[in-house]
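Every number in this text was worked out from the coordinates using simple rules, so none of it is lab data. Model, not experiment: these values are computed from the prediction. Every residue, glycine among them, receives a Cβ derived from its backbone with ideal geometry; neighbour counts consider all protein chains shown.
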Amino acid sequence: MSEPLSLPALTDLAQAIRDQIARAIVGQSAAVEHLLVALFARGHVLLEGPPGTAKTLLAQSFAATLGLDFGRIQFTPDLMPGDILGSNLFNFQTSQFTLTRGPIFCDLLLADEINRTPPKTQAALLEAMQERRVTLDGVAHPLSDHFMVVATQNPIEQQGVYPLPEAQLDRFLFKLTIPYPDEAEEARIIARYGAQSPAEPITAILTPDQLAAAGAAVAAITLAQPLVDYIVRLIRATRESADLACGASPRAGVLLAHAARARAALSGRDYVLPDDVKALAPAVLRHRLLLSPAAEIEGKQTDALVSEIIARTEAPR
């Protein structure tokens, strides 16, 4: 068990990661903050936005700051589960089957355009994301303790995409929406990259030992019982809403608690505040909720309903 990183050391490390990412990414500060929370909470992240909004570059830049084993899978309609997991191949020299590991055997996996492959192939990630292991021919193979998936996807309204199964969506800690940049940010992007000059190199500044120590620090953050009760009320309120056909699962509450601890640690606090829960709840809940037919007809949006639930759920004082 690693010795916990001190909170000042953790906040300094997080700021160094932000500074490195800013060498390649203009703006997107909210997404970077959520990626940091997910990293230290050991959660997976889904990035959704229109093409050309630097989702893949953000994931690559984030990975480049980490001194971890990085893998990437470009999801396509003809991708098969074996292309992700690997397979047992017969070795004629030894007359034995040998495991050929797929790209999922890494610390941080970039699943690029994950919704461009059919659900059968998407399901290959289910066990890995939940249990951090892969089962091939009845044999379980453990993945890294630091295994994390950062997936990108295009909006479902676009052509050539498949909806992610609910079981897979529920395994993502956050779903982050990547918008178009504002006018000032877009001008900075064009000024920086319009001449096709190479991006500034990013230095890996986080080691596996530091990540383990940061995780120990996050686990030690106090989550008082009133905050636990508050999270339960928020989760249960999603199941009681007439506008939602499907509410959040107990897993959502567990992951929200992990994320709230990580956000508190990144803020230099050893205790969770209601504001930590409120700030993270939209990204934790938006992909887990299913609108009722009546709400869809009325044009209601999931994010707006989550905001309403947060506003009317009493928080501890």
**Study point:** So LEU79, is it under 16 Å from LEU164 (Cα atoms) and either polar (S, T, N, Q) or part of a loop (DSSP other than H, G, I, E, B) (or both)
**Key:** yes
**Study point:** Considering residues of the stretch 246-263 that are in a loop (DSSP other than H, G, I, E, B) and touching a helix residue (DSSP H, G or I) at 6+ places or on another chain (Cβ under 6 Å) only, the residue farthest from ALA214 (Cα to Cα)
**Key:** GLY247
Revision key, fill the gap. When the stretch 18-65 is checked residue by residue, the ones that are among the polar types (S, T, N, Q), under 18 Å from ALA204 (Cβ atoms) and in a helix (DSSP H, G or I) are GLN20, GLN60, SER61
**Study point:** Close pairs from the stretch 130-144: first exposed (fewer than 13 other Cβ atoms within 10 Å of the Cβ), partner among the charged types (D, E, K, R) and assigned to a loop (DSSP other than H, G, I, E, B), Cβ under 8 Å, at least 6 apart
**Key:** PRO142/ARG132
Check your understanding: Does LEU47 satisfy the criteria of being under 25 Å from ALA123 (Cβ atoms) and either buried (at least 22 other Cβ atoms within 10 Å of the Cβ) or not charged (D, E, K, R) (or both)?
Key -> yes
Review point. In the stretch 1-32, which residues are within 16 Å of LEU66 (Cβ to Cβ), touching a residue at least 40 places away in the same chain (Cβ under 8 Å) and charged (D, E, K, R)?
Key: ARG23
Revision key, fill the gap. Only one of (1) out of contact with any Leu (no Cβ under 8 Å at 6 or more places or on another chain); (2) aromatic (Phe, Trp, Tyr); (3) surrounded by 19 or more Cβ atoms within 10 Å (Cβ to Cβ) does not apply to PHE92, and that is (3)
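Residue by residue, here is whether (1) touching a helix residue (DSSP H, G or I) at 6+ places or on another chain (Cβ under 9 Å); (2) in a helix (DSSP H, G or I); (3) polar (S, T, N, Q) holds:
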residue	(1), (2), (3)
ASP229	no, yes, no
ALA242	yes, no, no
ALA265	yes, yes, no
ALA281	yes, yes, no
ARG317	yes, no, no
